[in-house]
1. What dipole magnitude, in Debye to the nearest 20, does the chain give about its Cα centre under +1 on Lys/Arg Cβ and -1 on Asp/Glu Cβ?
2. Looking at the square roots a ≥ b ≥ c of the eigenvalues of the Cα gyration tensor of the chain, which shape do they give, rounded for a/c under 1.5, prolate if a/b is larger than b/c, or oblate?
3. Note down the magnitude of the dipole of the range 89-132 about its Cα centre, charges +1 on Lys and Arg C-beta and -1 on Asp and Glu C-beta and zero elsewhere, to the nearest 20 debye.
4. In the neighborhood of Gly126, defined by Cβ-to-Cβ distances under 15 Å, what is the net charge if each Lys or Arg adds +1 and each Asp or Glu adds -1?
5. To make sure I understand, if each residue's beta carbon is the centre and we count other beta carbons within 10 Å, what order do Tyr62, Tyr136, Tyr151 fall in, fewest to most?
6. Sort the following peptides by mean Cβ neighbour count (other Cβ atoms within 10 Å, averaged over residues), highest first: 86-99, 48-61.
7. Hey, fewest Cβ within 10 Å first, where do Met85, Met39 land in order?
8. Within 10 Å of each residue's Cβ, count the other Cβ atoms and sort Asp109, Asp66 from fewest upward.
Amino acid sequence: MPANNNLIKELVNKYGRDRTSLMPILQGVVEQNNFISDMDMTEIAKELDLSAAQVFGTATFYSFLDTIPRGRFVIRVCKTIICDMHGKKMILQTLENLLKIKVGETTQDKKFTLLETNCLGWCHKGPSMLINHDVYSELTAETVHEIIAEYMHK
Ligand code: FES
């Protein structure tokens, strides 16, 4: 897959060539394409005069910076202890049954990816999950059905 050179140039022009621009540039690529390819990382390294290893190291350190292709809607279910105690397993199972995929997988139509993540900061209202940038909390099997039904029609 070729690098998104135009997008990367646009982001470099917006955020600059400083080392501190690396995160917003990586986030900008993920925002646009749902993941950062190896070619993108190489191109970003060239633009910012960093080694490819530095860019790769940063991109793979943060779980929100996906380095493999994801679905249009990335669902991240909180796996941290409080959500776990409040029924996270049942939420995950409901999602797996609805989407017919396991954690870490993407639906065949590339619409949904199901992942687990660390605390989303909504522990007081767990179990919680994120779909792209939207937080859903106090989840039950019923609300998960309703939420996914809405996304199915998007
Ligand atoms: S433990 Fe799940 S949001 Fe904090």
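1. Value, rounded to 20: 100 debye.
2. Numbers: a/c = 2.61, a/b = 1.98, b/c = 1.32.
Prolate.
3. In total the dipole reaches around 60 debye.
4. Numbers: positive: Arg76, Lys79, Lys88, Lys89, Lys125; negative: Asp84, Glu116, Glu138.
Net of charged neighbours comes to +2.
5. Starting with the residue having the fewest Cβ neighbours, the order is Tyr62, Tyr151, Tyr136.
6. Most protected by this proxy first, the peptides run 86-99, 48-61.
7. Numbers: Met85 11, Met39 14.
By the 10 Å Cβ count, ascending, the order reads Met85, Met39.
8. Working: Asp109 8, Asp66 19.
Starting with the residue having the fewest Cβ neighbours, the order is Asp109, Asp66.
We did not get these values from a lab; they are worked out from the coordinates using the rules stated. Remember, predicted model here, so these are calculated numbers, not experimental data. Every residue, glycine as well, gets a Cβ built from its backbone with ideal geometry; the counts of neighbours run over all protein chains shown.
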